[in-house]
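Below is one structure, written out as structure tokens; comments come after it.
The numbers here are math on the coordinates, done by the rules we state, and not lab data. Just so it is clear, the model here is predicted, and its values are computed rather than measured. A quick note on method: Cβ atoms are made from the backbone with ideal geometry, for glycine too, and the neighbour counts reach across all protein chains shown.
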Amino acid sequence: MSRIGPRFEELKRANRAAFVPFITAGDPDLETSFAILEKLPAMGADLIELGLPFSDPMADGPSVQASSLRALEAGMTASKVLGLVRRFRKADQKTPIILMGYYNPIHAYGSARFAKDAADAGVDGLITVDLPPEEDEVLRAPANAHALDIVRLATPTTNDKRLPTVLDGASGFIYYVSIAGVTGTKSYSENDVRAAVARLKEKGGLPVAVGFGIKTPEQAGAIARFADGAVVGSAIVDLVAKNAANGGNRESLVSETLNFCQKLANAVHAARG
């Protein structure tokens with residue numbers, strides 16, 4: 001059974017939103033990314049989005065694109081990503097993990113095989129950015145067979161005609177993309193996002209997490225006042241990139257990244273008083 005639904009129910013009972021950090025698996029190398037991953041729950045992560053590196057991440061801005069390239073250059077593969085999750089599960093059986101990425105690596109691995117191996121490793125859900133609802137049966141069917149949630153994206157351009165298609169077959173939660181554009185490149189209107197979240201919750205009945213454009217603890221806290229979750233990605237991978245570029249050692253890179261995540265989590269968790 002996926003851990004995603006129970007985690008959101010637990011947070012709802014506590015009147016708290018979820019802090020959802022995104023990191024790219026293998027960035028800047030396998031062991032450093034695992035050192036961050038394994039400690040994220042202790043820093044306040046309620047769910048974790050783990051990026052599946054891909055050479056052409058078209059929905060992502062420069063920050064996440066660069067993180068994918070660093071991971072690939074360090075030798076990261078889909079199999080190694082699942083290996084990271086298996087290692088994580090040796091110590092943590094509770095924190096939901098969602099793999100976020102593109103369909104090409106999954107197709108190359110084999111959709112049915114990937115769904116089985118991901119579930120066996122301890123993955124809870126999949127966000128496949130470039131696989132629209134009309135075409136995701138190839139992955140949704142094996143994912144459903146192995147109790148993996150298919151988390152769908154809704155955007156500012158998802159109109160009333162399109163929304164039922166997005167919601168049909170979605171599970172776990174809805175990921176609302178707060179801007180019309182790629183990750184980490186624009187800011188959003190809080191009022192617009194608030195209205196969009198209310199609409200999605202009314203129509204879909206699933207928790208709604210908001211991502212793209214959240215860069216600071218203050219922004220994360222503001223989103224957490226009305227959304228079910230705040231997703232932060234580009235700001236975290238930027239910090240990894242800065243430390244890697246400065247030649248910092250693994251310990252300092254991991255420590256600075258985790259400290260930032262803790263500040264984000266604290267802001268999210270305190271948002272509703």
How much of the calculated P(r) for the stretch 7-100 lies past 24 Å, in percent of all Cα pairs?
-> 23
Would you count, across the chain, every pair of lysines whose alpha carbons are under 23 angstrom apart, provided the pair is eight or more residues apart or spans two chains?
-> 24
Hits for the chain under the membrane-span-like helix rule (DSSP H, Cα axial span at least 24 Å, Kyte-Doolittle mean at least -0.5) are 250-270
Find which of Leu72, Ile214, Asn243 sits farthest along the positive direction of the dipole of the stretch 4-270, computed with +1 on the beta-carbon of Lys and Arg, -1 on that of Asp and Glu, about the Cα centre.
-> Ile214
Would you mind finding the longest exposed-site-free stretch of the chain, with exposed trypsin sites (Lys or Arg not before Pro) meaning DSSP loop and at most 15 other Cβ atoms within 10 Å?
-> 1-89
Amide H contacts under 5 Å for Ala18, placed H, 5+ residues apart = Gly229, Ala230
Mean residue ellipticity at 222 nm from the helices of the chain, using -39,500 (n - 2.57) per DSSP H segment of n ≥ 4 over the full residue count, to the nearest 500 deg cm²/dmol?
-> -14500 deg cm²/dmol
Per-residue HN-Hα couplings for the stretch 151-161, Karplus 6.51 cos²θ - 1.76 cosθ + 1.60 at θ = phi - 60°, whole Hz, x for Gly and Pro?
-> 8, 9, 9, 10, 10, x, 9, 6, 7, 5, 6
Shape call, the stretch 65-123: gyration tensor on alpha carbons, a/c limit 1.5 | oblate
Ordered by fewest other Cβ atoms within 10 Å, a rough proxy for footprinting exposure, Glu135, Glu256 read Glu135, Glu256
For the chain, size of Cβ-based charge dipole, Lys and Arg +1, Asp and Glu -1, in debye = 680
Taking the chain as a Gaussian network, Cα atoms linked when under 10 Å apart, which of Asp56, Asp124, Asp149 shows the biggest mean-square fluctuation?
-> Asp56
Along the charge dipole of the chain, which of Ser111, Leu84, Ala195 sits closest to the positive end, that is, farthest toward it, with unit charges on the beta carbon of Lys, Arg, Asp and Glu (+1, +1, -1, -1)?
-> Ala195
